[in-house]
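Here's the structure we're looking at; comments come further down.
No lab work stands behind these numbers, since they all come straight from the coordinates. Just so it is clear, the model here is predicted, and its values are computed rather than measured. Counting neighbours? That spans all protein chains shown, and the Cβs are built from the backbone with ideal geometry, glycine included.
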Amino acid sequence: MRNKEFHTLCRCITKIFQPDASTAAHQDDDVYMLVFDHDLSIHLIGTLPGYINIVATFVAPADWFTPAGMESLLIENRFSLTHPTVVFGMDSKRKKLIISTRQIISELNDESVIKMFRNILHLSGGIFRGEITLPK
């Protein structure tokens, strides 16, 4: 196991959000993929030593790919005092939105990594289901 602290945090997340998932398959791999609904997946990535990246990708409602939707995403990426920073992006070819965050592993514990994951899950899930819409 290359990144013990990363895998420990990932086990905390998978134990709560996908308890039937096998973590043994990830022992030599610093990437986990959790799938929610049909087209919402969240990747836990530990390939950058000392960091955990949480990246959600999902098919978004079409209005996010309009000029107003793209402008909203750019506005969300402005400077923020929120820590860790949440970054919004898009894969226009596949019509997917990408929401990501990165945190230093040494600053996290079981409770804080679950909170960070839950925030990304609620944000991405809300947009995915149409509960979070473009600002008017």
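Around the amide H of residue 86, modelled in the peptide plane, lies no amide H under 5 Å away from a residue 5 or more places distant or on another chain. Put simply, the amide H of residue 98, placed in the peptide plane, has neighbours under 5 Å in 89, 90, 91, leaving out anything fewer than 5 places away on its chain. Taking 18 Å as the straight-line reach from the Cα of residue 115, the lysines in range (excluding those fewer than 8 positions away in the same chain) are 15. Each residue of the stretch 73-81 is assigned a 3J(HN,Hα), and the resulting list reads 5, 4, 4, 5, 8, 5, 4, 9, 8 Hz, derived from the Karplus form 6.51 cos²θ - 1.76 cosθ + 1.60 (θ = phi - 60°), x at Gly and Pro. Footprinting exposure proxy ranking of 94, 102, fewest other C-beta atoms within 10 angstrom first, gives 94, 102. How far is helix 4-17 tilted off the main Cα axis of the chain, in degrees rounded to 10, range 0 to 90? Value to nearest ten degrees: 60. Computing Cα Rg over 2.2 N^0.38 Å directly from the structure and comparing it against (1) 1.07; (2) 1.29; (3) 2.07 singles out (1). Normalising the average separation of contacting C-alpha pairs (under 8 angstrom, six or more residues apart) by the number of residues puts the relative contact order of the stretch 4-128 at 26 percent. Averaged over residues, the count of other Cβ atoms within 10 Å places the peptides 78-86, 32-40, 47-55 in the sequence 47-55, 32-40, 78-86, highest first.
Treat every Asp and Glu Cβ in the stretch 4-128 as -1 and every Lys and Arg Cβ as +1, leave all other atoms uncharged, and give the resulting dipole magnitude about the Cα centre to the nearest 20 debye.
140 debye
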